[in-house]
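Each remark here refers to the structure printed beneath this line.
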Amino acid sequence: MTLPGSDMKHHILSVTVVNQAGVLARVAGLFARRGYNIFSLAVAPTEDERFSRITIAVDVASAPLEQVTKQLFKLINVVKITELDPRDAVERELLLVTADAPPAIRSQIIELVDVFEGRILNVGHDRLTISLEGHPDKLDDFEELLRPYGIAELARTGRVALPKIDNTTTRLRPARTA
């Protein structure tokens, strides 16, 4: 993740692993044993059910990237490791939050949800449950603006990321005619 006006704070690693029980525990255990701080971790099967993708945001200060990747490659179930530069990756995260929303201020919260393109999932007498998907910075901004209204519960998935697609096109040459 990069913040405007600052240096990179996290390495984002996309780790393809064999989809087997215990693999996530071994990966997380490696980070714990080495004292590397995991900022965010998300895992799910890939398009090929034999593999899972673990997206890990690692604190730069606690984990030199070269050392992390060397240690990860020592694990037998690791197939591929890709560092994703935030400038060249698409990152998303999901936030679910139950906010205090008494009738007197409910419309203000609904307007805030609309501005951030979120969805209201559940409505109670004095609370709303909201879903918001987007770049982690967007979720941070929403959470900061919602906090003064009151947050009863909050959960975030952790970031997932993929490399951006190269949109450069090659020039097509006309076919030769005989």
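The values are calculated or read from the model by the stated rules, or taken from the named source; none is laboratory data. Keep in mind that what you see is a predicted model, and the values were worked out from it rather than measured. Glycine gets a Cβ as well: all are built from the backbone with ideal geometry, and neighbour counts include every protein chain shown. When the accessible area is computed, the model is the full protein with side chains, heavy atoms only, and any ligands, DNA or RNA have been set aside. Shrake-Rupley method; radii C 1.70, N 1.55, O 1.52, S 1.80 Å.
Treating r as the C-beta distance of residue 48 and residue 149 and R0 as 35 Å, the FRET efficiency rounds to 0.20. What FRET efficiency comes out for the pair residue 75/residue 96, r = Cβ-Cβ distance, R0 = 30 Å, nearest 0.05? Result of the calculation: an efficiency of 0.40.
Relative to the longest principal axis of the Cα atoms of the chain, the long axis of helix 136-146 lies at roughly 10 degrees.
Gain in length, residue 165 to residue 140, computed as 0.36 nm per residue apart minus the alpha-carbon separation, to one decimal in nm?
On the way: separation 25, 0.36 × 25 = 9.00 nm, distance 2.56 nm.
Here the segment from residue 165 to residue 140 would lengthen by 6.4 nm.
Please label the shape of the chain as rounded, prolate or oblate, based on the square roots a ≥ b ≥ c of the eigenvalues of the alpha-carbon gyration tensor (a/c under 1.5 means rounded; beyond that, a/b larger than b/c means prolate, else oblate). List each step's numbers first, then the result.
Details: a/c = 2.09, a/b = 1.37, b/c = 1.53.
Oblate shape, in that a/c is at least 1.5 and b/c is the bigger or equal ratio.
The length gained on full extension between residue 85 and residue 120, counted as 0.36 nm times the residue separation minus their Cα-Cα distance, comes to 9.3 nm. Computed from Cα atoms, the angle from the helix 23-34 axis to the main principal axis of the chain rounds to 90 degrees. Per-atom-type breakdown for the chain gives carbon and sulfur 53% of the accessible area (1.4 Å probe, protein chains only).
Would you mind working out the magnitude of the charge dipole of the chain relative to its Cα centre, with +1 at each Lys and Arg C-beta and -1 at each Asp and Glu C-beta, to the nearest 20 Debye? Before the final figure, lay out the partial values.
Numbers: 22 positive and 24 negative charges, 196 e Å.
My answer is approximately 940 debye.
Which listed residue (71, 82, 146) has the Cα farthest towards the positive end of the charge dipole for segment 26-150, taking +1 on Lys and Arg C-beta and -1 on Asp and Glu C-beta about the Cα centre? Of 71, 82, 146, it is 71.
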